[in-house]
Amino acid sequence: MTAGAWLMLVYRVPGEPTRLRATVWRRLKAAGAVYLANSVAVLPESGEAERALRKLRAEIENMGGTGQLLRAEALAGQDEVVAAFNGARDAEYAEVLSRCEDFQAEIAKETKAGKFTYAELEENEEDLAKLRRWLDKIRVRDTLGAPRAVEAVAAVDGCSRALDAFAERVYAAEAST
């Protein structure tokens, strides 16, 4: 999928305190925006993106800054903007993949140690739920179809299967006591 129109937020926030810049950066990152330049961030146009950027613009003004929200179309360089947006999503998917590796390693460690307890199962269920929520958030932002999405979904599904197998071992351990 390729993007058509973009929403562009151009902003300035006071230099002090520095937490203001960090707050804006965190909000833009959470929305999935990518920076084209300092204080210039874009999102593919959508109702959700517009609401998020309008809200952030209001926050910036409440901080004593200024902001302009523009609808933009790339006359040149569209592929680079799409690549930056998909690259940001792929970086997020890579983090999920890394956490899935950690999850699988933890299951393997507990299995090797024979820690087939409900406490371990519950802890792993919570970890898997966090992975799923994280993946879901990224997929909502991934409106242009980043390449690593399929791999990340498969990895989380693999974690689910590993947890199911671990749960069976917990139930078997309980039945033998």
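Things to note:
- Note on the range 52-62: residues that are under 17 Å from Lys29 (Cβ atoms) and either in contact (Cβ under 8 Å) with a residue 40 or more places away in the chain or of a type in the set (S, T, N, Q) (or both) total 4.
- Residue check for Ala113: surrounded by fewer than 14 Cβ atoms within 10 Å (Cβ to Cβ), free of Cβ contacts under 8 Å to residues at least 12 places away in the same chain and either under 28 Å from Arg19 (Cβ atoms) or within 19 Å of the chain's Cα centre (by Cα) (or both): no
One line per residue, one yes/no per condition, for (1) closer than 30 Å to Leu128 by Cα; (2) without any contact (Cβ under 8 Å) to a residue 24 or more places away in the chain:
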site	(1), (2)
Leu20	no, no
Lys29	yes, yes
Ala33	yes, no
Asn38	no, yes
Ala41	no, no
Leu70	no, no
Glu73	no, no
Val96	yes, no
Cys100	yes, no
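- Among the residues here, Ala105 qualifies as without any contact (Cβ under 8 Å) to a residue 12 or more places away in the chain and surrounded by fewer than 18 Cβ atoms within 10 Å (Cβ to Cβ).
- Qualifying residues in the range 69-79 (those that are surrounded by 12 or more Cβ atoms within 10 Å (Cβ to Cβ) and either charged (D, E, K, R) or out of contact with any helix residue (DSSP H, G or I) (no Cβ under 7 Å at 6 or more places or on another chain) (or both)) - the one nearest to Glu50 (Cα to Cα): Leu70
- Verdict on Thr117 being touching a strand residue (DSSP E or B) at 6+ places or on another chain (Cβ under 9 Å) and not small (Gly, Ala, Ser): no
- Residue count for the range 41-63 satisfying the condition of being closer than 22 Å to Pro17 by Cβ and open to solvent by less than 60 Å² (accessible area, probe 1.4 Å): 6.
- Any hit, the range 136-157, residues being over 28 Å from Phe85 (Cβ atoms), in a helix (DSSP H, G or I), open to solvent by 20 Å² or more (accessible area, probe 1.4 Å) and without any contact (Cβ under 8 Å) to a residue 12 or more places away in the chain: no
- Tallying residues that are under 21 Å from the mean Cα position of the chain (by Cα) and either open to solvent by 30 Å² or more (accessible area, probe 1.4 Å) or among the aliphatic types (A, V, I, L, M) (or both) within the range 30-40 yields 7.
- Where Leu128 falls short, out of the listed (1) under 25 Å from Val34 (Cα atoms); (2) surrounded by 16 or more Cβ atoms within 10 Å (Cβ to Cβ); (3) at pLDDT 95 or above: (1)
The values are calculated or read from the model by the stated rules, or taken from the named source; none is laboratory data. Being a predicted model, the structure only gives us computed values, none of them experimental. Cβ atoms come from the backbone with ideal geometry, glycine included; neighbour counts cover every protein chain shown. Side chains are part of the model used for accessible areas, which takes the heavy atoms of the whole protein and leaves out ligands, DNA and RNA. Shrake-Rupley method; radii C 1.70, N 1.55, O 1.52, S 1.80 Å.
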